1. Work out which helices of the chain, taken as complete DSSP H runs, extend at least 27 Å along their axis over the Cα atoms and score a mean Kyte-Doolittle of 0.0 or more, then list them.
2. Determine the distance separating the Cα centre of region 480-511 from the Cα centre of region 102-152; give it in Å without decimals.
3. Report, in cubic angstrom per residue, the convex hull volume of the C-alpha atoms of region 61-114.
4. Under the 0.36 nm per residue contour assumption, what length would be gained going from the current alpha-carbon distance of LEU422 and HIS180 to full extension?
5. Restricting to DSSP loop positions (anything but H, G, I, E, B) with no more than 14 other Cβ atoms inside 10 Å of their own Cβ, which trypsin sites (Lys or Arg not before Pro) remain in region 1-61?
6. How big is region 147-247 along each principal axis, measuring the range of its Cα positions in Å and listing the largest first?
7. Taking 2.2 N^0.38 Å as the expected size of a compact globular protein, what ratio does the Cα radius of gyration of region 2-67 give against it, to two decimals?
8. Could you pull the Rg and Dmax for region 202-308, using just the Cα atoms, both in Å?
Amino acid sequence: MYIIQNEFFDIFEDKEKLYIKTKKEGYDIANFSNLSTSHPQISIKYFLNLKNALEKISDDNVEIGILKPKIELSISKDNTEAYFKLNISNDEFKNNKQQIIDSILSELDSNNIVHGIIHTALDEDIKTQENILIAKATPSKNGQDAIIKYLDLPDKKPNMREDGSTNYYEMNLILEVNKHDYLGEKIPLTKGVDGLNIKGDAIPAKPGKNKRLSYDRKTVGEFKEDNKIILRALTAGALSHNQGKVSVIKHLVIDGDVGYETGNIFFDGSVTVKGTVCDDFKVIATEDISIDSIMGIGAAEKIVSTNGDIYVKGGVCGKGKTLIHSKKSVFVKYANSCTIIAEDTINIGFYSLDSILESKSILLNPEKGKIIGGKISAYAKVVTGAIGNSSERKTIVNVKGFDRKQIKKELDELLIKYSSCLLEMEKNKKEMEVFENTVETTEELIKTHEYEYYNNIHEKLTNEISELDQKRKYLTDCLHSKGEGEISILKNAHPQTFLEIKNLQKIIKKETSGTFYAQDNSLHSE
């Protein structure tokens, strides 16, 4: 089939290939682009062949390209889009518009394009020799991941505020829950909605990822409510998030005082005393202890938590014999003639008077806090507003200090182990997800022995990560101290204040303030 014939050459098509046969020399190849414009179906692939053919007369048919179809349809590999392109002149389209539109629809049909056809594209002004979107798939909508929410524990940080001349030092250490109380929920994953490609085939939706509720099965239960799985307390007690697992631990509430009516308290769990602890009585518990009376406590014998924190809302006036000992932190309004020992931090709202304090860090309100008399021993840091008083009461503040290089080395080693545990945890989670994505409820999961195997590994790793995280916090807190041990006095230290950091001593002889720290076997201040 001849496409172009003139005095210089013939261009014809055979089996969709284009050939040229030169009849006369002298045709300027630069003019060939005008011919291509007027014949949009022509696609030159071999320009050197064309150039050589135009330079000399030959009886040979020279292949120079291909003949594009008038309606060129391109379909994406994933069958989600189709475009058409009209390889004709504008005049040809205008003269045969309806016939060409029908041919476009026929071309779609012959290529099994049955979905997402954009008919409006054929109603508009169609531009020739441009790709025009004619069909688009309906995409799938992937499912939503399961959403887990837990009832938050109180933030174990002191809340300082001032109201006129009255000072408050308040916090909620223990969150009491009753049987059937809400503890958390899981909004299940959704499976998503399949889409359709332009050939009518389904585009599968990806279901959301399942997530597992982590809770103690003895004290917490899951219940289906309004398309959710709700966690509720199976017993009354105190909310715990031990190692990331929601549980209800035993919680003893003393509505009044601990005294002759109650006797001494020994309890496996948390204890809340609404009143005070009378002189010579003691409270010993495995978890958090909260003494809520604004009067605080007097000469109680001892308050001991073997695994938790201790909070005394009204402070301690111990008459030289009260011992407070916590595995974690202690929060008191004031400390007067008592001994407080905490493995983490001692937080004091206002003052320590003639008391013995021992902890990793000892923190008093930097604006109002005072240490007067007594013996203060910390491992890393002491922060206070003032030390001593105008009567020059002897006050000893000692920071044992640490080797910063050794702490840094320990932290680096810990972080490597921590990362290794996280990778192992992630690998184990993927094994668990195989079961979790096919089983909806925890009750069904725990009946699966293989799942229980991976769940036991998960709990072991969770405990290990939690312990590493506690140690990480401890080491990081040390490194946040100035030098290799710090004593910060934001307002003033009075004479007869004895400071010691890493066996480096300083006696305050005149009123001063600042931060003292040990570094390079010397005591520095700023």
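Values quoted throughout were computed directly from the atomic coordinates according to the rules given, and no laboratory measurement underlies them. As the structure is a prediction and not an experimental result, all values here were calculated from the model. Neighbour counts run over all protein chains shown; Cβ positions are idealised from the backbone, glycine included.
1. none
2. One Cα centre to the other: 74 Å.
3. Output value, Cα hull per residue: 120 Å³.
4. Fully extending the segment from LEU422 to HIS180 adds 83.7 nm.
5. Those that pass, being in a loop and sparsely packed, are LYS15, LYS23, LYS24, LYS45, LYS56.
6. Largest to smallest, the principal-axis extents are 78, 36, 25 Å.
7. In units of the globular-protein estimate, region 2-67 measures up at 0.97.
8. 20.1, 77
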